1. How many residues does region 7-20 contain that are surrounded by fewer than 13 Cβ atoms within 10 Å (Cβ to Cβ) and touching a strand residue (DSSP E or B) at 6+ places or on another chain (Cβ under 7 Å)?
2. Please tell me if residue 94 is at pLDDT 85 or above and either assigned to a strand (DSSP E or B) or surrounded by fewer than 13 Cβ atoms within 10 Å (Cβ to Cβ) (or both).
3. Name the residue that is surrounded by the most Cβ atoms within 10 Å (Cβ to Cβ), counting only residues in region 75-90 that are under 27 Å from residue 18 (Cβ atoms) and modelled with pLDDT under 80.
4. Just to be sure before I move on: is residue 14 out of contact with any helix residue (DSSP H, G or I) (no Cβ under 7 Å at 6 or more places or on another chain) and more than 20 Å from residue 73 (Cα to Cα) in the structure I sent?
5. Quick check on my filter: what residues within region 22-53 are touching a residue at least 24 places away in the same chain (Cβ under 8 Å) and either assigned to a strand (DSSP E or B) or loosely packed, with under 10 Cβ neighbours inside 10 Å (or both)?
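The values are calculated or read from the model by the stated rules, or taken from the named source; none is laboratory data. Being a predicted model, the structure only gives us computed values, none of them experimental. Here the Cβ positions follow ideal geometry from the backbone for every residue, glycine too, while neighbour counts run over all protein chains shown.
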């Protein structure tokens, strides 16, 4: 499985949000039902989607509402997103003065912290 939004691989058992979608006729005999499709989102994209503005389109808004309910209902998903981001940030941004040589002097209108 892959995150629908960012394309990141989601391994079995890994924390994620799954949205199952199927269609079914109502009031029509015989009732017909489609196969269910699983749409997955990684924790980071789930939290990002829930915190962002509503998407366009009725179906997108319905899915967005469900994701927002999950994110708001339990802090575990937020923790999973932050844990994943912390691992990425730690790997990309070394602590000041711990790795590499001296930094070159910056020229311009800002200070480097």
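1. First, the residues of region 7-20 that are surrounded by fewer than 13 Cβ atoms within 10 Å (Cβ to Cβ): 7, 9, 11-13, 18, 20.
From what is left, the residues that are touching a strand residue (DSSP E or B) at 6+ places or on another chain (Cβ under 7 Å) are 9, 18, 20.
Of the residues in region 7-20, 3 are surrounded by fewer than 13 Cβ atoms within 10 Å (Cβ to Cβ) and touching a strand residue (DSSP E or B) at 6+ places or on another chain (Cβ under 7 Å).
2. Working: at pLDDT 85 or above: no; either assigned to a strand (DSSP E or B) or surrounded by fewer than 13 Cβ atoms within 10 Å (Cβ to Cβ) (or both): yes.
It is false that residue 94 is at pLDDT 85 or above and either assigned to a strand (DSSP E or B) or surrounded by fewer than 13 Cβ atoms within 10 Å (Cβ to Cβ) (or both).
3. Looking only at region 75-90, we keep the residues that are under 27 Å from residue 18 (Cβ atoms), and these are 75-89.
Checking which are modelled with pLDDT under 80 leaves us with 84-89.
Values: 84: 16, 85: 13, 86: 10, 87: 10, 88: 10, 89: 10.
Residue satisfying both the conditions and the ranking: 84.
4. On the way: out of contact with any helix residue (DSSP H, G or I) (no Cβ under 7 Å at 6 or more places or on another chain): yes; more than 20 Å from residue 73 (Cα to Cα): no.
No: the conditions fail for residue 14.
5. Of everything in region 22-53, those that are touching a residue at least 24 places away in the same chain (Cβ under 8 Å) and either assigned to a strand (DSSP E or B) or loosely packed, with under 10 Cβ neighbours inside 10 Å (or both) turn out to be 38, 39, 40, 41.
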